[in-house]
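These notes concern the structure reproduced below.
Any read-out appearing in this document is the output of simple, stated calculations on the displayed coordinates, not a laboratory observation. Just so you know, these numbers come straight off a predicted model, no measurement behind them. Here the Cβ positions follow ideal geometry from the backbone for every residue, glycine too, while neighbour counts run over all protein chains shown.
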């Protein structure tokens with residue numbers, strides 16, 4: 001088996017036709033950034049335009065508050081998943097740095113297990129909420145609240161998927177298979 005060449009995208013590697021699988025792969029790899037970022041930009045633009053319309057023209061845009069809430073909800077839960085993938089959630093490392101590498105890895109596994117438990121509970125209970133959300137409609141746009149609440153299970157599922165490679169790395173460090181320490185010598189999370 002050949003090792004991939006560093007610096008080349010999957011579709012640019014030898015044996016892969018140019019341009020194939022590049023777009024879906026980028027979309028999967030950067031889903032949170034693309035959709036969450038677009039939702040955040042849309043929310044900011046809607047709120048700004050609505051404020052201008054309300055105070056300058058005394059005519060607010062109907063439904064813009066609902067769209068801003070929808071965009072905010074999606075950007076929040078996709079941002080939580082992105083935080084896990086980039087390992088940028090707030091953590092307290094000054095105590096764990098005092099431990100040997102395997103104990104650090106054990107702490108990382110325990111923290112990851114708690115995050116996974118939280119994401120699983122979020123997924124489980126949000127699914128039950130969504131089952132009845134289609135009965136309630138937004139006041140102005142008359143959209144089912146399922147559109148808003150769908151962000152919660154999608155975000156929780158992405159959190160679980162993005163956590164899996166981190167846990168795999170932590171378990172390897174725990175059993176001593178991977179001798180390389182990440183930057184700073186601490187296991188993420």
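Things to note:
- Packing-based ranking, highest mean first, of 122-131, 71-80, 87-96 given that Cβ atoms within 10 Å are counted: 71-80, 122-131, 87-96
- Available extension along the chain between residue 120 and residue 45 is 23.7 nm, counting 0.36 nm per residue and deducting the alpha carbon span.
- Angstrom value of the Kirkwood radius, inverse mean 1/r, which spans all Cα pairs in segment 10-185: 19.2
- Linear extension gain, residue 33 paired with residue 59, 0.36 nm per residue minus alpha-carbon span: 6.0 nm
- Among 47-58, 156-167, sorting by the average number of other beta carbon atoms lying within 10 angstrom of each residue, highest first, gives 156-167, 47-58.
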